[in-house]
Every structure is written in C-alpha cells, then in structure tokens.
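Shown next, in structure tokens, is the structure this report addresses.
The values are calculated or read from the model by the stated rules, or taken from the named source; none is laboratory data. Note that this is a predicted model, so its numbers are computed, not measured. Note that each Cβ is placed from the backbone with ideal geometry, even for glycine, and that neighbours are counted across all protein chains shown.
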C-alpha cells in the first residue's frame, strides 16, 4: 500500500515556485535565458559553498580524530577558515613550469571543474528539482565522469614531471578499475526500477509500506550494492584510503604537483565536487533521493532530506579518511578485480532473484516479504563467504613485526 | 541544405580527414586513430538516416551504431595491444619502418 | 527545414578536432584533439535525438578509447617523438586520395534524390524502454555475439600485451621496464 506524501508542500516547493515566479515576471524574449540561468546558478553557488563548509568540517574532524584542534584562528572556532584559504589561493603566484605544455596545462583544471559541475545536472536535489530531467540520466552521469580521466591525464602529462605523470597513471588505472564496480552496482538498481532516469528512480523509492519507505538500501541486494557503490565511489574520487594518486609521502601530490594558486584551488574544488556528485548519485540510487525514510517524517522539505543525507555521507568519508591507512597498488588492484567485480555481479543476480520472487506467499504479504528478503540475503551472503575464504586461503594473519621501529 | 544532407556532408568530410590521416601519418597509433575517425563518420551516417528516415521507430540504424561502438572498443583494444607488442619487438611504432614479417 | 545553429557549431568543432588530430605534430596533442572530435560527435548524436547513442559514444570513446590511445602513446615512447619525421613521403598522395574520396561522396550526396526531399518526420520517441526492448527481443542474437566478441577481444588484448616471460637469447632488450606495464 503506497501513500503519496503532500504535507508542507509550500516549504517543499519554495525554490521551484520562486523560479517560476521570477521567470513569469521577466519580459518574453528573455524567459528562456532567465530559466536556464536560474537552473544553473544555484548549482554553481550551492555546491562550492558546501565545499567551503566541508573543508572546515574535514579539518576539524580530522583534527579531533588525531587528537589536535584543527583550524581555530580565523573567526569563532575557525569557521571563516575557507575565506582565508580563498584569499590565499587567489593571491598566490601562479607558477607554470618552463618546459610544461602551456595550453594543456592551462586547460586541464578547467576541463576537470567543468565536468565535475556537469555531473550535478541530472541529480534530483529535491522534489521537482532536477536541473535536466534526462531519460538516460544515470548513463549521462557516468559518461561525464569518464571525461575526468582525460583531464587528469592532461594535468599529469602537461606538467613535465615524473611524479605528476606517475600520479596521473595511477589515478587513471584506479579510476578505470573502480568505474566497473561503480557502474555494475548501479545496474542492479536500474534493473529493479526499470529506468535510467534519476527522477523516476527516486519516484520509485518514494513510496511507503506502512511507515517505512521503499528505499533500495532496505533490501539485501540494495544494502550490499550500496556498500560496494560507496567503496568504489571512494576510490573513484581518490579519497583516502584509496588516495594513491596523490600519496604525498611517495609521489608528493600526484598529478597536480605542478599547479599553484588558483589552479590548485580548482583541482581541490573539482575533487570535492566529484565527491559530492558521486555521493549524490549514491543517495539517488540507494538512499531514496529526496524522500524521507518514514512517512511521518515526510513533512520535512525534500531538499533538506537530500542535503542532510549528503552531509551524512560526507561525514562518513571524513571518518574513513581519519581511520584507515593508505592501500598499496597491488592491494588496490586485487581488491578491485578479485573482490569488487565478483561481488557486484552477485548483487546483480540477487536483484534478479528479488525481481522474480513473488512478494506475497499464500495470501500473506508479510510472510512472502520475509521469505524474499531472506532468500536474496542468502544469495549475497553465500558467495561473499565463499569468495572471502578463497581470497584468504594461504594467507597467514599474524601480529605484525616491525624491522626498524619498535 | 536540409539536415540530412548536412549530416552526410559532415560525415563525408570526417571520413576524408580520417582517410588522409591514415594514409599520410607514420605513427601506427595515428593510423588507428584515422580508422576510428572513419568508423565514426559511418556511425554519424547511420544516426542521420535513422533520424531522418521514413521509419525511425524500428531503431535499426540506432542499434547498429550501438553495436558499432562496441566493435570499435574491441578493435581499439586489440589494435593498440598489437602496436605495443610490435613496439616491444621492433622498438618503433613507425609504420614505414616496420618492414619485416619475420620475428 | 534547415540546419540549425547548434548543429553547425558542433559539426565545426568535430571537424576541427578531427583535422587537428590528423595534423598535429605531438602524438599526445593528437590524442587529445581526437577526443575533442569524439566528444563533438557525441554531442551531434544528442543533437539528432539519439540520446543513448551519444552517451554511449562519450562513455566508450572518450572514457575508454582515448585513454587507451594515450596509454599506448606513452608505452611506445611516442610522447617525446621528434616532430619532423611524423609525415611520410607519400603524404601528398594520401591527401589527394582523401580529397578525391570526399569529392565523390559530396557529389553523391548532392545528386542523389534521398538527401533532398524535405523529410519532416517528428523526432522519434527514443525512449530507453524501446531501445532496451529492441536489444532484448529483436536484436538479442547480435547482442550475444557482441558479448562473445568483446570477451574474445579482451582475452586477445591481454595475451598480446602481456610481457613474455621466457625470452630466447638475444632479445633481452624487450625486457626494458615500461610505464605501468
């Protein structure tokens, strides 16, 4: 039984209404232009603002995890630190190496930031708040993401620096390897929803049985898929523990080593934008997008739900970064191809089983649901245990001995 | 000029550019790139005829392009692997210097 | 019905990318220009209402093939090849042949009847659902054949590119350490 949610509609649709009001009150010939601008500008303003908030959050959070204070000089508790950072990066000298390929060196950060912004075009950040409602939205997201690899290569190659080239090669190898589990874990959701449109994927999840929403993450395949998706997303955005491309202790800073000033800030911005975008896609696919988990919470406006979930995932990213050490290259590749890839295939099989098992058995909907849930969980858990056993075979886990340090 | 003729003109220009590159460049990689351009020109024709043809609902040209993209991916992978293998053997990827067939 | 301005801009972008890819001296520049041409073509497909084909083109060509080409260039030390030797002596002949081919194609386009009648078909419903059904029902056999071919190509590429372990004496130079191999 599905209940459509409509309370607090005014607060929910305030931005949509505002946009239509503004468009209606502009003279005729400019209406298209104003409508386009009103779609683009919020994205260009909101997500960099979120980037500023995240940098403070990250530095404070990491500081807490590592038993120190973090930035606390600019403003109360250091909350104005991003402003100081912005002033610093804007006034810093922009150094380009003499032997660098100037045109490509100049273009690389621009391409990276442009593609990072484009990815937000298909994310539904609230009810009726998708910038471009494409029929193939998920495909668009991944197609745009593919262009970032080229931008990373441009940055690494044009700098004429062995560390930057090494970093770019590592980044591309890693992004290609983890793109496959990322796409395959989304395939399960696409199979169940029967659509590639991000808006409709969220609409499918915004229904309630009793009080609980139909989020994909509440199903066994959805839970496993969500975990795999977020691991792959961490690797895709070069976040710790998958930050080998920038590994500052080995290759200094990877592909953007030769960038300074504003261009460096652009790389930083693009990295965080990618993190937001891929988290946004994870929310859209698995966490019900802008919908609330329980029907009695549906009065909270949809955009608050989306950004709340986004902030929760960002906190998760920061927590993981403060907790886990960096992987080695061979561990990274083994993990991608020997664990992630088979597990995503298992998730797809489980989603198929979910699709074809009846939801109700012998007139009892609850019993059928429980049986379906258990069978699908078994389809995921069995191969997981078997795979873990095979991968762990012959590996002795013992206390680590340190050769040079005590 | 109607849109179909425009598409055909663009695709024949692209095909010629790719052909000229494949015939004149000496790097084996660029020869492969020229072939890819020619393949893409053909794809553009398929899309154009599907879009402006009498029966777009059958999706024939459209599906052909999707298959063609898949074939191009396989072709590029195998072709570039061949070029890398040849480079490892002959220390060059210049098509006018690779003249021996004997390994 | 006439050609629209976006179509013209995208066509010029695509052709400029293609020409640059075939004429630039540096191989890496060629690869980057080639990816511009691929991206332009993807945008042309989108302009022609072929949404799925355009996005697949972007995903496969820009995301995979351009990257493969770049890797191949770096693996064959093409990133720092000298500029003067990049054109073969048969350059003029090749250009003439290409021009002749273009002339024939353009003539055929101009004179054939098919390009001229004003076809005013409405934009087809290129819904994902229709494409999925077509791929799963009418074209399911080609789809399976493509899957088999991709598997074969993948195995073949790996076998070709993998470094030979046992070298006969005299070809030790093949064991030079390469980038990321």
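Does residue C:87 count as at pLDDT 85 or above, over 25 Å from residue A:149 (Cβ atoms) and within 7 Å of another protein chain (Cβ to nearest Cβ)?
no
Name the residue that is farthest from the chain's Cα centre (by Cα), counting only residues in the stretch A:191-212 that are within 12 Å of chain C (Cβ to nearest Cβ) and surrounded by fewer than 20 Cβ atoms within 10 Å (Cβ to Cβ). Of everything passing the filter in the stretch A:191-212, A:194 is farthest from the chain's Cα centre (by Cα). Scanning the stretch A:198-231 for residues that are closer than 20 Å to residue A:298 by Cα and part of a loop (DSSP other than H, G, I, E, B) turns up A:206, A:207, A:210, A:211, A:214, A:215. Any residue at all in the stretch A:143-150 that's over 30 Å from residue C:46 (Cβ atoms), surrounded by 18 or more Cβ atoms within 10 Å (Cβ to Cβ), within 13 Å of chain C (Cβ to nearest Cβ) and touching a helix residue (DSSP H, G or I) at 6+ places or on another chain (Cβ under 7 Å)? For the stretch A:143-150, residues over 30 Å from residue C:46 (Cβ atoms), surrounded by 18 or more Cβ atoms within 10 Å (Cβ to Cβ), within 13 Å of chain C (Cβ to nearest Cβ) and touching a helix residue (DSSP H, G or I) at 6+ places or on another chain (Cβ under 7 Å): absent.
Only one of the numbered conditions (1) modelled with pLDDT of 85 or more; (2) within 12 Å of chain C (Cβ to nearest Cβ); (3) farther than 27 Å from residue A:342 by Cα is violated by residue A:166, and that is (1). Determine whether the stretch A:64-72 contains at least one residue that is assigned to a helix (DSSP H, G or I), outside the structural domain of residue A:325 (by TED's automatic domain parsing), touching a helix residue (DSSP H, G or I) at 6+ places or on another chain (Cβ under 7 Å) and at pLDDT 85 or above. Yes: one or more hits. Once the stretch C:33-58 is narrowed to residues that are facing chain A (nearest Cβ under 8 Å) and in contact (Cβ under 8 Å) with a residue 60 or more places away in the chain, the residue that is surrounded by the most Cβ atoms within 10 Å (Cβ to Cβ) is C:52.
Table: residues versus (1) outside the structural domain of residue C:150 (by TED's automatic domain parsing); (2) part of a loop (DSSP other than H, G, I, E, B); (3) closer than 19 Å to residue A:145 by Cα; (4) at pLDDT below 85.
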residue	(1), (2), (3), (4)
C:3	yes, yes, no, yes
C:10	yes, no, no, no
C:19	yes, no, no, no
C:28	yes, no, no, no
C:65	yes, no, yes, no
C:70	yes, no, yes, no
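Only one residue in A:256, A:267, A:226 is at pLDDT 85 or above, in the same structural domain as residue A:149 (by TED's automatic domain parsing), within 19 Å of residue A:163 (Cα to Cα) and in contact with a helix residue (DSSP H, G or I) (Cβ under 6 Å, 6 or more places away or on another chain). Which one?
The conditions single out A:267.
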